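Colleague: Okay, here's the structure, questions in a sec.
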Amino acid sequence: MKMTQSPTFKAFSEPLVKNNPVFIQSLGICSALAVTVQLKTAIVMALAMTSVTAFSNLTISAMRNVIPRNVRMIVELSVIASLVILADEILRAYFYDISKQLSVFVGLIITNCIVMGRAETYALGNPPIRSFMDGLGNGAGYGLVLVTVAFIRELFGAGKLLGFPVVPQFFYDHGYMNMGFMQLAPAAFIIIGLLVWLQKSIVKG
Amino acid sequence: MVRMLKKLFNTTRPHFESGGKLEKLHPLFDAIETVAFAPALTTKADTHVRDSLDLKRFMTFVILSLMPPFFYGIYNTGCQTGLASGLDMGFVPVMLRGAWVVMPMLMVSYSVGLFWEILFASVRRHKISEGFLVTGLLFPMTLPPTTPLWQIAVGISFGVVIGKEIFGGTGRNILNPALTARAFLFFAYPANMSGDRVWTVVRNTGSQAVDAVTAATPLALAPLAASGEAMSKILTDAGYTFQRLFIGYLPGSIGETSALMILMGAAFLLITGVANYRIMIGGVLGVLAVAYPGYLINLSSGGEAASMFSVHPTWHLVMGSFAFGIVYMATDPVSAPGMNLSRWIYGFAIGALTVMIRVFNPAYPEGVMLSILFMNLFAPLIDHFVIKVRLGKRIPNV
């Protein structure tokens, strides 16, 4: 069997675009609005989210045969919560500034429906490696949206990318202006809407 | 002449019909042809209402009704520029100067908007909608004359694509596209859309070099009033008398300054039956219903309440762009509700909200745009409940 058709690979590739958690399931919208003003925070958030989803899927999938069904939510939550605390501590230790900017949103990964959703629907019924890949794929799909939205917002809203000015002074001298609207949360809503439109017209059926 | 035109259309038609070379541009051909001649199409489906007022004639009436404020806007823009930069104030130079400012804005709005219209019409294979001719004219009229042209292009793109085409084109938009475009510019480039410096275009004439003229509009003056001071006195001191506000000889967005011209347009719309009088009267009632109690309270309490309330309520009707909004924007047949009772409620709520935003929210001196957009969202809901009440009263068929 070719590698691209193995279930493990599919678990990773499908959530990237075709079954993207933000576009198709409309999950994780809240943080996608909040942390996408700058590209830097979006990338860090995407990485934190991807690692949490991947490892929570891995852990829960490894324990799936010993978790009693009626307390599975609590078990899942405690696994996710420990991972989120871990991610938060790492960020604080090594990227203190960004962690400051992300503020409460790292902690709020715990309430991000993507993590819980993947644990419930995928990790509880699939082997660990495949679940791990599924978590990676979902995190990356979410991250893809985050980075795209942040790219557009930072470029048009502040004229910068990753904090570096990219719109030449020449433009400003001739009357170009940054779009203040891009700094506001509704802009992220509209961009996500347009991206959904794009995704639906590319992936048909 | 007519025969020549007919011949021209007949000879070029085959190119645009299916199989022809320019098949993809058929919507464009169709749009031009139906400007000149009534379409020969007849409805093939079952029972339908016969009405000679099709969409194109309907929209033409709206455009005609927009002409008085439009030409007055050109004149006024030229006047304000002339006053600010000390130029010749004769009628012809003033009109030319105004046209020099307004016409490029109109052309950018039309050409960029039309580009999107044609793109969507060609991809989705529907006709180019005449509604755009109204949107493209309304939009520049709501803008300050100093708005840069590229911002107009961005704004109209947003209005046409996000405000209308995303929902399926004319007749399916939930928001007024021209106002959506304006709201977008308002939030995207606040520095160009409000404040004291944007209302007058300054032409530099060698001798005096001014970058911009600071001219507070009546609405911007209002929040500056100290409590207890009579607002109408401040306005009159600044030269804004009721008559002047009514005639519209003051800096402001291009089309909205003159309540007189807008009244003429409104009369035309009402006589031809294009706009609904319930929305307009409801709006005026809404303004008075909120402003009058506030005015009376202010009188009795010695002016301790919000300073905007000390203005005589009728001033609210002529200040800012309320007249323009309620006549041309709120009556948009697509985004306004369809039942008569809901039209009263809708108009009333727009008027009431406008005054509330003006009085209580110092961040937005003018509230017409936001209150119309807000009520656009509620239009289907109001209709829903009005229909529900109507159905509840019906005697059931036993």
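The values are calculated or read from the model by the stated rules, or taken from the named source; none is laboratory data. What you are looking at is a predicted structure, and each value in this text was computed from that prediction instead of being measured. Here the Cβ is made from the backbone with ideal geometry for all residues, glycine too, and neighbour counts use every protein chain on show.
Colleague: Looking at B:GLY155, B:GLY136, B:GLY113, B:GLY98 in this structure, which one is within 14 Å of chain A (Cβ to nearest Cβ), at negative phi and touching a residue at least 24 places away in the same chain (Cβ under 8 Å)? Please lay out each step first, then the result.
Modeller: On the way: B:GLY136 fails: within 14 Å of chain A (Cβ to nearest Cβ); B:GLY113 fails: within 14 Å of chain A (Cβ to nearest Cβ); B:GLY98 fails: within 14 Å of chain A (Cβ to nearest Cβ).
Among B:GLY155, B:GLY136, B:GLY113, B:GLY98, only B:GLY155 is within 14 Å of chain A (Cβ to nearest Cβ), at negative phi and touching a residue at least 24 places away in the same chain (Cβ under 8 Å).
Colleague: Contact list please: Cβ distance under 7 Å, first residue in the range B:239-258 and in contact (Cβ under 8 Å) with a residue 40 or more places away in the chain and closer than 16 Å to B:VAL101 by Cβ, second residue among the charged types (D, E, K, R) and buried (at least 20 other Cβ atoms within 10 Å of the Cβ), pairs at least six apart or on different chains.
Modeller: That search, which allows pairs on different chains as well, returns nothing.
Colleague: Can you work out which of the residues in the range A:141-199 that are within 11 Å of chain B (Cβ to nearest Cβ) and outside any helix (DSSP H, G or I) is nearest to A:ALA46 (Cα to Cα)?
Modeller: The extreme case among them is A:LEU184.
Colleague: Report whether or not A:ASN19 is surrounded by 22 or more Cβ atoms within 10 Å (Cβ to Cβ) and not hydroxyl-bearing (Ser, Thr, Tyr). Talk me through it step by step, then tell me what you get.
Modeller: Details: surrounded by 22 or more Cβ atoms within 10 Å (Cβ to Cβ): no; not hydroxyl-bearing (Ser, Thr, Tyr): yes.
No: the conditions fail for A:ASN19.
Colleague: Just checking, how many residues over the range B:313-334 are of a type in the set (Ser, Thr, Tyr) and in a helix (DSSP H, G or I)? So that I can check it myself, show each step before the final result.
Modeller: Just the residues of the range B:313-334 that are of a type in the set (Ser, Thr, Tyr), to begin with: B:314, B:321, B:328, B:331.
Cutting the leftovers down to in a helix (DSSP H, G or I) gives us B:314, B:328.
The qualifying residues number 2.
Colleague: If you take the residues in the range B:340-369 that are out of contact with any Gly (no Cβ under 8 Å at 6 or more places or on another chain) and in a helix (DSSP H, G or I), which one is surrounded by the fewest Cβ atoms within 10 Å (Cβ to Cβ)? Outline the logic, then answer.
Modeller: Restricting attention to the range B:340-369, the residues satisfying the condition of being out of contact with any Gly (no Cβ under 8 Å at 6 or more places or on another chain) are B:340-342, B:360, B:362-364, B:367.
Then drop every residue that is not in a helix (DSSP H, G or I), which leaves B:340-342, B:360.
Details: B:ASN340: 10, B:LEU341: 16, B:SER342: 24, B:PHE360: 13.
Restricting to residues being out of contact with any Gly (no Cβ under 8 Å at 6 or more places or on another chain) and in a helix (DSSP H, G or I), the top hit is B:ASN340.
Condition check ((1) modelled with pLDDT under 75; (2) at positive phi; (3) assigned to a helix (DSSP H, G or I); (4) not small (Gly, Ala, Ser)) across all residues:
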residue: B:ARG3; (1), (2), (3), (4): no, no, yes, yes
residue: B:ASN10; (1), (2), (3), (4): no, no, yes, yes
residue: B:VAL35; (1), (2), (3), (4): yes, no, yes, yes
residue: B:THR42; (1), (2), (3), (4): yes, no, no, yes
residue: B:ASP46; (1), (2), (3), (4): yes, no, no, yes
residue: B:ARG50; (1), (2), (3), (4): yes, no, no, yes
residue: B:LEU64; (1), (2), (3), (4): no, no, yes, yes
residue: B:PRO69; (1), (2), (3), (4): no, no, yes, yes
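Colleague: If you don't mind, there's one more thing I want to ask. Taking the range B:162-184 only, how many residues are part of a helix (DSSP H, G or I) and more than 9 Å from chain A (Cβ to nearest Cβ)? Steps first, please.
Modeller: Applying the first criterion (part of a helix (DSSP H, G or I)) to the range B:162-184 yields B:165-167, B:177-184.
Now narrow it down to the ones that are more than 9 Å from chain A (Cβ to nearest Cβ): B:165, B:167, B:177-183.
Summing the residues that are part of a helix (DSSP H, G or I) and more than 9 Å from chain A (Cβ to nearest Cβ) in the range B:162-184 gives 9.
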